[in-house]
Each structure stands twice: as C-alpha cells, then as structure tokens.
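Since the structure comes first, as structure tokens, the remarks are kept for the end.
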Amino acid sequence: MNLPQKHSNTGTSIFAVMSGLASQYNAINLSQGFPDFPIDEQLSGLLGKAAREGHNQYAPMPGLPILRQAIANDFKIRYGVNIDADSEITITPGATYAIYTAFTSILQPDDEVIVLEPAYDSYIPNIETNGAVAVTVSLSAPDFKVDWNKVKAAITTKTKAIIVNTPHNPTGAIWEKSDWDTLASLVRDTEIIIFSDEVYEQLVFDGQKHYSVLEHEELRQRSFVLYSFGKVFNNTGWKMGYCIAPPAFTVAFRRIHQFLVFCVNTPAQFALAHHMGNNNAIPVGQLMQQKRDHFLALLAHTPFTIYGPARGSYFQVAGYDKISNLPDMEFAQWLTKEYGVATIPVSAFYKNKQDDHLIRFCFAKKEETIIEAVARLSTLKPL
C-alpha cells in the first residue's frame, strides 16, 4: 500500500531521539523539557480524590465549567482581561494538541503560515498536514529578536496566519509590548490570524513581565492563544492544556475538537479546577529562576558560551565553539554518549536544519540532577 507522507519531517521527533539516547547511555536528560521532581502534594491528592469521588466519566466537550471559570478568574486577576468561560475557553489534552486543532480549524490547501524560527518542532508538521505551506522567518541571533522587516516581506496574499511563541522555546527570549504593537500594524488591514503559543507565560524571570496577546485588544480579536497546565504545575505527563479564542474562533476550534478527542480527562480537570487559586506552592516562575541561576552559576565553570541568560521558559541556549567543531546534532549525540549529558541541538528547531553550533539545556530539574550534570560537563576540555 502506498501511504501518504503528510508532512516533510520524515524522522522521529528530536525529543524522542535524544531522550531515547539518554536512556540507552544512562545519561542525565537535560534534553526534553520536563521536570524530574514531584508535583505539589495538594494537586496529586486532588486527582486521587476526584477519582475516588466518582468523577470518572466523560466531561462536557468544551471542558468542565468549574475549570473554565477558574481559568477566566485567574486571567482576570493576573492580566486584568475579561474572558467568557463558556464561549472563549476550551480544555484540551495538552497544548500541542491545541495548536494542531487550531491550525486544522482554519487552514486550507495552499494557505501560508509564517513561522518564526527556531520554532517548536510540531508547528511545521501541523501546518503541512493540513495542506498549507510554512513560510519560515529567522529570528536574529544571539538575542533572537524579531526582524520585523523580514516578517513584513514574508506576508503575501496567501498568508493565512502567523504563529508566535513567547516566552520562547528553545531560546528563552520574550516579547516586549512593542513587538505586539508592530505585529498589529502589519496585520491591521488583513484577515491574517494570529496563533500565540504562551505555554511558558508564568515562567518569566528577573522581574520582567509577560505580555500576552490577550492584553492587546486589537490582536485578541484575531487570535488563538494556547496554554499548558503542565508548564505551570510541573505535571507534563498529565497532558492538559487549553485554548482561549474569540467566540467565532472557538466555534471553529470546537467543530474539530469534538471529533478528534471529544473531551478531556475528567479527574484531572476536577483536580486542576480546585487547585487553581488554592495553591500555596512557590510560584513556578520564582522556582525556575532559582534553578536557572543555579545552573548558570555552575555552567560558568565549563567551556560553554552562554547566550542570554534565558529571560523565560525553562531552557538555556549555549554555544560550544570552544569545545568542538562538530555539527550540533553530532555534538549532542557525542555529549550524550561520552559525557552522559543529553541536550537538544538547536538546528532541530529550523526547517532547513540551520546549524549555528548551539545546543539547548533544560534546567527544570532537581538540584542534585543539575549538580551531577554540570559535574560531568566540567570535565570537558577547550579546543
């Protein structure tokens, strides 16, 4: 049988490749973005309580009303924005699913979507699976800011959407309010839709502010905004997220959502709803800044070149030109096999595999993991 290849990425996801290699060589996994420490006991207790109390059957298709209302209340407190829980919020099995569903709800063959690279590796396969074309625009290294002249030049009559990500994976860069204003000026007289991937919105460091597209009233009316509970509550394995969008966009989103998954894990929804607003744990941004600072203080004693430091997310980009001349994919594999630390080559986040000799570390790890990983890296010798 001749089965169709729905997108151009023919290999296995880089996250699966490097995590598999880490397991094979018993390496410390600083590649895939997940914490290795326990979640809050209150949250895990609420999950068990929900199951024991019988909340084990299908939830409503858009998500439990109490969870959607908890999200609306949270955004009112943190951003001062009013969101209608019924017509603008849909609970999803993770943010990656939400991204795919949002794309599928609006894309048609030959539409173009502008993607700012380096970019999370699901964007382009999602676009291409829907028959559309990804038009890539490179961010400006080493601070990875947007070159708005390049974005403007990439817009054509076929441009259906632009997807942005702040705080940014893999670089840790964040957008300023001026970036949203410039984007608004570019799309003002068009029907271009904005996809705003804000899964790391609570992981912003050094007293800086995350500016959400929801705070930009003009852009909000043309935006799908995607979020992840896993990044906030350190429970990535629950695969829980949500999409916020204007009512007409939400109708289109749910038109696809209902036939992909219909509904999402009921006990987890109950647990999250009761945990939000009653969470006494250290805020995740403060926790991750402590981990970033500890990681960078230790990494300073290695030959790596630090770009940043990361302003948000839980990733840090580093250069290795003082260590090796290998391409970044080969270097990441060599580092895993020979020094027992797995990372992600940044070329994996480019469609054309652009190689700037950069790797990405995940520092969302417990203290002993970070200490042991950097101890191994400290044995590296400069060229």
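The values are calculated or read from the model by the stated rules, or taken from the named source; none is laboratory data. All figures in this text were calculated on a predicted structure; none of them were measured in a lab. Neighbour counts are summed over all protein chains in view; Cβ atoms, including those assigned to glycine, are modelled from backbone coordinates with ideal geometry.
Below, the figures for the structure above:
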read-out	value
Residue satisfying all of: in the range 33-53; under 26 Å from VAL317 (Cβ atoms) and crowded, with 20+ Cβ neighbours inside 10 Å; modelled with the lowest pLDDT among these	GLY33
Qualifying residue in the range 221-239 (condition: more than 24 Å from ILE91 (Cα to Cα) and either buried (at least 21 other Cβ atoms within 10 Å of the Cβ) or under 21 Å from the mean Cα position of the chain (by Cα) (or both))	no
Subset tally (residues that are more than 30 Å from MET329 (Cα to Cα) and hydroxyl-bearing (Ser, Thr, Tyr)) for the range 1-60	2
Top-ranked residue in the range 138-160 [being within 18 Å of the chain's Cα centre (by Cα) and not in a loop (DSSP other than H, G, I, E, B); ranked as nearest to GLU218 (Cα to Cα)]	LYS145
Qualifying residue in the range 341-349 (condition: assigned to a loop (DSSP other than H, G, I, E, B), under 23 Å from LEU139 (Cα atoms) and either at pLDDT 95 or above or within 22 Å of the chain's Cα centre (by Cα) (or both))	yes
Candidates ASN265, ASN279 - the one that is out of contact with any strand residue (DSSP E or B) (no Cβ under 6 Å at 6 or more places or on another chain), at pLDDT below 95 and surrounded by 15 or more Cβ atoms within 10 Å (Cβ to Cβ)	ASN279
Test: residue in the range 90-107 that is of a type in the set (Phe, Trp, Tyr), surrounded by 20 or more Cβ atoms within 10 Å (Cβ to Cβ) and more than 22 Å from ALA268 (Cα to Cα)	yes
Qualifying positions in the range 54-78 - surrounded by fewer than 20 Cβ atoms within 10 Å (Cβ to Cβ) and charged (D, E, K, R)	ASP74, LYS76, ARG78
Unique match (being in the same structural domain as LYS231 (by TED's automatic domain parsing), of a type outside the set (A, V, I, L, M) and closer than 19 Å to ARG360 by Cα) among THR129, THR182, THR156, THR166	THR166
Tally, over the range 341-352, of residues that are surrounded by 14 or more Cβ atoms within 10 Å (Cβ to Cβ) and more than 20 Å from PRO35 (Cβ to Cβ)	7
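Yes/no matrix, rows are residues, columns are (1) crowded, with 18+ Cβ neighbours inside 10 Å; (2) outside the structural domain of ILE71 (by TED's automatic domain parsing); (3) among the charged types (D, E, K, R):
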{"site": "THR305", "(1), (2), (3)": "no, yes, no"}
{"site": "ASP328", "(1), (2), (3)": "yes, yes, yes"}
{"site": "GLN354", "(1), (2), (3)": "no, yes, no"}
{"site": "GLU368", "(1), (2), (3)": "no, yes, yes"}
